[in-house]
Each structure stands twice: as C-alpha cells, then as structure tokens.
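None of the figures in this text is laboratory data; all of them are computed from the coordinates on show. Note that this is a predicted model, so its numbers are computed, not measured. Every residue, glycine among them, receives a Cβ derived from its backbone with ideal geometry; neighbour counts consider all protein chains shown.
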C-alpha cells in the first residue's frame, strides 16, 4: 500500500494558517461570506484572512468586491468591532464593468487576536477544536452571532457534546444551540434569524434557496458547518481513473485510488492523489472507513470486480456510488443480483449506473468530466439529470406494476 502525505482542502488551509498566526501573536481580521443572492464569485462559507501588513490568505471573490472587504477588514482591525459588509455586483453591464457577476453577497468581518476578550474562550482554543474535528471527521459547526446583543461572540458546537463557548443570548441560547445542531445535521451553512425569540422561516442556504422573512430580525447568527474535503474513492486505476483523479483533486476532493495491480496503482501515475493503494479490491473496499463524505466510483478493468466492490458499498452510508457500464449491462447485472443474491431492487436506486451526466462523452477524459460533473451535482444538490435517471424511472414503474398485479 502506498499513501501520500495528507493534503488539506481550502477550509483546512485557512484554519491552519489562522492557528499559525495566533500562535505567532498576530492579530488579523477574518472575513466570511454569510449570505448570497444571485450570481457571485464565491460560495457561502468562503473565508479570507485580512492581514494588517497585506499578507492576506484566501479569497472571497477577487476584484473590486474583495478590495472593499480588505479595506473593511483593516477598519475592523483598528476599531476591534465586527462588521457586516454588503458587496453589490448588480451594476449595469458595460465595457467598463470590472466584474462579471451580477449578484449580492454579505460578508461578516471579525477581529481575531491571541488575547481575545476576558471571560470568553480564546480564539486559539476554538480554532484548534475546529481543526481537530475536521481531522477526525467529527461533525462540528462554528456559530457566530452576526447581529444581536454582543456581535462577534462565537461557539463551537457538536451533535452530542456540550458547546465550546457561549453566545451571550440568555434564555434563548439553548434554543439557538438546538437549531444550530439541526443545521449541522443538514450539513449546509445557514443563517438563523430570530425575532421576539422565534426562529423566522427562510434565510439563504448554501444550496441557493432564497426565502426572505418579512420584518427585520433582532438576532442573526451564521452557522458555519465544518467538514473535511469530500473523499473521492476511485476503484480501478485504468485509463478513466487518470483524468478523474486529476479532476477530483482540482475540485478540492481528497482522492484515493485503489487497484490490485502495483504497476497501475503507483504514485508516478497518480501524483495528485492523496492515497494510492495497491491491494486486493473487495477486501480493501470492505475495510476502508467510508462515510457520508465519501464518493465511490467503480471503474475496474472488469465488470465482475465492479460488482464485487458494489456489494461492499451498497449498504454503506456513502454520499455517492457510481459504476461504469452500458445501460444493457447494468440492467442485466442488477436483475442477476436481485435473483441470485436476493438483493432488494430498491437498493439499486442509489447507484449511478450508467455513470455520469449525458454530455455525449467518448474519450477517457470526457467520460471523467461527465462523472465528475455528476459527483458535483450530487454534492451541491444540483438539478442536472443523470444518465441513470431513465433506469431508475423504468425500474420504479416496473415495481409499481408488479405491486398492483400482486394486489
């Protein structure tokens, strides 16, 4: 087995750098996108560290909007008071227009210093707790009071253990923590808006839903769900795996490649992969610690190996299972598994086979693009139809006919 060093994704790199700066005794501003409307350059949750000497880390979109954020960050460093900045990119389009987006996004900017405020959890302790949770794949979230009695107060929450830090909301705090845990379970960043102690419906989620409550909230909190880079497990190190591993790393996935042939499963072939594993396929897939952040692609050299590995992941709590194969072959395999293995055909509904989104792909690189597009579509909850949708619809219709006949 060959494994490379553990890389970090964008969010991990931000928190690693923040921990480094705090340990060095430096005070910085941290800017976080908490809300977006329309087309904007970065997503909710994107972060940037604004350094007083210009050594900024991360990005919230570049261009004039980011320049505004940097200026506001320097002001926050001077005053010590947090601020919310709205960047409006909806100006009329002309040849002189500097931006290419046409939306609006809100950015919360806070000062982070080694000393922190008396009586509150130090920033170093919060940062280390978040980093540790990401490393151990334990669901955690950073809850920040954006508007309310003491803006800028933060707490780290988990699903089971007590919060680290207090938000200073008095009797409302237990309800807020409970609501934030529901956001954590949903695994998407979200604003929580309260008026008269009641959670208002709406707010914008990372998936882009845009529902606005009437009236102004008295309390606004941002729940930033922390998670490690999603894992892309590619089973099979052949011609499709090569470009797929490159695309996965480019899209900020932690890529693992597995093959039982050492000449294929090598670091030289997959320099962008975090792990390259040369070992028996089925036994290794069975032993791997797959979870809700795991995306599994089965592209081995033979369909029998794909099926063996499919049986090892079909009941696992993974985010995505994709299997290569034509419509005809996939249909035959699923029917055979249902008959000979007694597998409930409903279980096959979660399998993306034929794999990918229909872009008329032909070459290995094009097929890798259509697979990666489907994975991102699943990760982001996108609307693009999959090649496997027709199979699912046909299979469901067949089951309904059988059920009505049996009745």
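With the contact rule set at Cα under 8 Å and sequence spacing of 6 or more, what percent relative contact order holds for the stretch 117-228? Display every interim value, and only then the final one.
Working: 202 pairs, mean separation 33.3, N = 112.
This gives 30 percent for the stretch 117-228.
On a 0 to 90 degree scale, rounded to 10, what angle separates helix 63-79 from the longest Cα axis of the chain? Compared with the principal axis, the helix lies near 50 degrees. Packing order of peptides 170-176, 313-319, highest average first: 313-319, 170-176 (average count of other Cβ atoms within 10 Å over each peptide's residues). Calculate the length of the line joining the C-alpha centroid of the stretch 335-358 to that of the stretch 252-304, in whole Å. For the stretch 335-358 versus the stretch 252-304, the Cα centre distance is 21 Å. Distance between the C-alpha centres of the stretch 56-78 and the stretch 307-322: 43 Å, rounded to the whole angstrom.
Entry note, the stretch 231-406: relative contact order of 19 percent, from Cα contacts under 8 Å with a spacing of 6+ residues. What's the angle, to the nearest 10 degrees (0 to 90), between helix 389-406's Cα axis and the longest principal axis of the chain? That helix lies at roughly 70 degrees to the long axis.
The packing ranking, built from the mean of other Cβ atoms within 10 Å per residue, places the peptides 117-126, 65-74 in the order 65-74, 117-126, highest first.
Rg over Rh of the stretch 231-406, using C-alpha atoms and the Kirkwood radius, what does it come to? Spell out each step's value before the answer.
On the way: Rg = 15.9 Å, Rh = 16.4 Å.
So for the stretch 231-406, dividing Rg by the Kirkwood Rh gives 0.97.
Per-residue extension of 0.36 nm, minus the Cα-Cα distance of residue 304 and residue 401, leaves a gain of 31.9 nm for this segment.
The angle separating the long axis of helix 327-340 from the principal Cα axis of greatest extent in the chain is about 80 degrees. Each peptide in 17-28, 287-298 receives the mean, over its residues, of other Cβ atoms within 10 Å, and ordering these scores from highest gives 287-298, 17-28.
Beta bridges per DSSP, both residues in the chain: antiparallel share near 70 percent.
Sequence gap at least 6, Cα distance under 8 Å: using those rules, report the relative contact order of the chain to the nearest whole percent. Provide the component values of the computation, followed by the final result.
On the way: 783 pairs, mean separation 48.3, N = 407.
For the chain, the relative contact order is 12 percent.
Both radii come from the Cα set of the stretch 117-228: Rg as radius of gyration, Rh as Kirkwood radius; their ratio Rg/Rh reads 0.96.
Averaging over all projection directions, the Cα-based convex hull of the stretch 326-401 occupies 5.6 nm² in the image plane. Using only alpha carbons, the stretch 217-298 has a radius of gyration to Kirkwood radius ratio (Rg to Rh) of 1.16.
For the chain, what does -39500 (n - 2.57) per DSSP helix run (n ≥ 4), summed and divided by total residues, give at 222 nm, in deg cm²/dmol to the nearest 500? Walk me through the numbers before you get to the answer.
On the way: 10 runs with 135 residues, N = 407.
Taken over the chain, the calculation gives -10500 deg cm²/dmol.
The Cα-based radius of gyration and maximum Cα-Cα distance (Dmax) for the stretch 359-407 are 15.4, 48 Å.
The Cα trace of the chain gives Rg and Dmax of 23.8, 75 Å, the first to one decimal, the second as a whole number.
Taking 0.36 nm per residue of separation and subtracting the current Cα-Cα distance, fully stretching the chain between residue 314 and residue 137 would add 61.6 nm.
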